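Peer 1: Attaching a single structure in structure tokens format; questions to follow.
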Amino acid sequence: SNIRAVHSYVKYNDLDTINAWSANIAAQNSGLVSRSQLGTSYEGRPIYLLKVGKSGSNKKAVVLDCGFHAREWISVAFCQWFVKEAVEKYGSDTQLTNLLNNLDFYVVPVLNVDGYAYTWSTNRMWRKTRSVNSGTTCIGTDPNRNFNAGWCTVGASSRACDDTYCGSSPESERETKALANFIRNNLSSIKGYLTIHSYSQMLLFPYSYSYAVAKDHTELNTVAKNAVSQLTSLYKTKYTYGAGGTTIYLAAGGSDDWAYDAGVKYSFTFELRDTGRYGFLLPESQIQATSQETILAVRSIATHILNN
Ligand SMILES: O=C(O)[C@H](Cc1ccccc1)CC(O)(O)C[N+](=O)[O-]
Ligand SMILES: [Zn+2]
């Protein structure tokens, strides 16, 4: 329909509204934000990418993606809030201005665009992509099991009907292939990878595909500890943190493990609010507080990246 919903940072926005928003925020802040396309989804929707940062040469980069899993709407709301905060506070907030002068944030507001659209149109609890699987009527692959990191060995299913279906092969999905290609093509500048999910209130780092201890475990644990204490300082929201395998569960094919093994040292998965009372159906009344506390953690991690 050509009736456009009005965008709000304190509401969940549908995909058309988000796409109009990303075009506008780039147009209105051309010195700080530019929009490009990461690729197109299975159903042909654009997957947009916002580059957020003061233009400069050979800057470090951090990738921040949201909307991996379709039903995790608070993740999508957070990426919008993050970009708003960047453009609003650049020039007045010292820490943020310093970050944006020296780092580029590559923000993917919604990676799984087909799945997100499907949660608005048909099934609010959808998780996967919307690609057709051969030999079955079951649709979709779990994008967070589809990366080439211990692919389909543990905590993932090889059955297309399951919510953790790993796909027919690593990067079988247009969405995961587009993200992996972008990171591969920019490995020299990408120092951080933050992928935003919900729910559980956790800050996870590699590995989830096994109990192997990452070579940078001690440093990542310290970075996570400091980021969580920043987050908790605002509203006392309790987070746990640690390697994914021991903190949430073993699960292979995750984007964080893949990015880490590809050479992106500071690779983290956020599991935002809550711990199960509302779960994926987090009320809009919690978007602001969740976004504000999470931004403190992102600032903490980004500052560490800049200083190391
Ligand atoms: O199962 C997932 O992909 C994440 C946990 C995770 C996080 C990083 C690597 C592998 C798995 C949990 C979630 O975001 O999907 C929330 N959930 O359990 O539905
Ligand atoms: Zn998720």
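The values are calculated or read from the model by the stated rules, or taken from the named source; none is laboratory data. Since the structure is predicted, the reported quantities are computational estimates derived from the model, not experimental observations. Every residue, glycine among them, receives a Cβ derived from its backbone with ideal geometry; neighbour counts consider all protein chains shown. What goes into the accessible areas is simple: the full protein's heavy atoms, side chains included, and nothing from ligands, DNA or RNA. Shrake-Rupley method; radii C 1.70, N 1.55, O 1.52, S 1.80 Å.
Peer 1: Counting just the residues of the stretch 211-220 that are in a loop (DSSP other than H, G, I, E, B) and in contact (Cβ under 8 Å) with a residue 40 or more places away in the chain, which one comes out surrounded by the most Cβ atoms within 10 Å (Cβ to Cβ)? Break it down into steps so the answer makes sense when it comes.
Peer 2: The first filter runs over the stretch 211-220 and keeps only residues in a loop (DSSP other than H, G, I, E, B), leaving 211-216.
Those left that are additionally in contact (Cβ under 8 Å) with a residue 40 or more places away in the chain: 214, 216.
On the way: Ala214: 18, Asp216: 16.
Checking each candidate, the answer is Ala214.
Peer 1: State which residue is farthest from ligand 1 (Cβ to nearest atom) when the search covers only the stretch 243-286 and only residues that are within 17 Å of the chain's Cα centre (by Cα) and hydroxyl-bearing (Ser, Thr, Tyr).
Peer 2: Tyr266
Peer 1: So which of Thr240, Thr232, Thr218, Thr222 is within 14 Å of ligand 1 (Cβ to nearest atom), under 23 Å from Ile305 (Cα atoms) and hydroxyl-bearing (Ser, Thr, Tyr)?
Peer 2: Just a single option satisfies the conditions, and that option is Thr240.
Peer 1: For the stretch 68-81, which positions are open to solvent by 10 Å² or more (accessible area, probe 1.4 Å) and either without any contact (Cβ under 8 Å) to a residue 24 or more places away in the chain or away from ligand 2 (no atom under 16 Å from the Cβ) (or both)?
Peer 2: Here is the first cut: in the stretch 68-81, the ones open to solvent by 10 Å² or more (accessible area, probe 1.4 Å) are 71, 73, 81.
Matches in the stretch 68-81: Trp81 only.
Peer 1: Being part of a loop (DSSP other than H, G, I, E, B) and closer than 26 Å to Glu284 by Cβ is the filter here; which residues of the stretch 6-62 pass it? So that I can check it myself, show each step before the final result.
Peer 2: Start the filter on the stretch 6-62 by keeping residues that are part of a loop (DSSP other than H, G, I, E, B), which leaves 6-14, 29-32, 41-45, 53-59.
If the condition is that a residue be part of a loop (DSSP other than H, G, I, E, B) and closer than 26 Å to Glu284 by Cβ, then Val6, His7, Ser8, Tyr9, Val10, Lys11, Tyr12, Asn13, Asp14, Asn29, Ser41, Arg45 are the ones that fit.
Peer 1: Then there's this: Taking the stretch 168-210 as the search range and keeping residues that are assigned to a loop (DSSP other than H, G, I, E, B), in contact with a helix residue (DSSP H, G or I) (Cβ under 9 Å, 6 or more places away or on another chain) and open to solvent by 40 Å² or more (accessible area, probe 1.4 Å), which one is farthest from ligand 2 (Cβ to nearest atom)?
Peer 2: Among them, the one singled out is Leu187.
Peer 1: Show the residue pairs meeting these rules: Cβ distance below 9 Å; 6+ apart or different chains; first residue within the stretch 172-199 and touching a residue at least 24 places away in the same chain (Cβ under 8 Å) and more than 13 Å from Asp65 (Cα to Cα); second residue acidic (Asp, Glu) and more than 15 Å from ligand 2 (Cβ to nearest atom).
Peer 2: Lys177/Glu171; Asn181/Glu171; Ser189/Asp104
Peer 1: Please identify the pairs in which a residue from the stretch 35-57 that is without any contact (Cβ under 8 Å) to a residue 60 or more places away in the chain has its Cβ atom under 6 Å from the Cβ atom of a residue that is among the acidic types (Asp, Glu), counting only partners at least 6 apart or on another chain.
Peer 2: Lys51/Asp104; Gly53/Asp104
Peer 1: Does the stretch 112-153 hold any residues that are in a loop (DSSP other than H, G, I, E, B), within 16 Å of ligand 2 (Cβ to nearest atom) and among the small types (Gly, Ala, Ser), and which are they?
Peer 2: Selection gives Gly140, Ala149.
Peer 1: Based on what the data block shows, is Tyr239 among the aromatic types (Phe, Trp, Tyr) and open to solvent by 50 Å² or more (accessible area, probe 1.4 Å)? Walk me through it before giving the result.
Peer 2: Numbers: among the aromatic types (Phe, Trp, Tyr): yes; open to solvent by 50 Å² or more (accessible area, probe 1.4 Å): no.
Spelling it out, it is not the case that Tyr239 is among the aromatic types (Phe, Trp, Tyr) and open to solvent by 50 Å² or more (accessible area, probe 1.4 Å).
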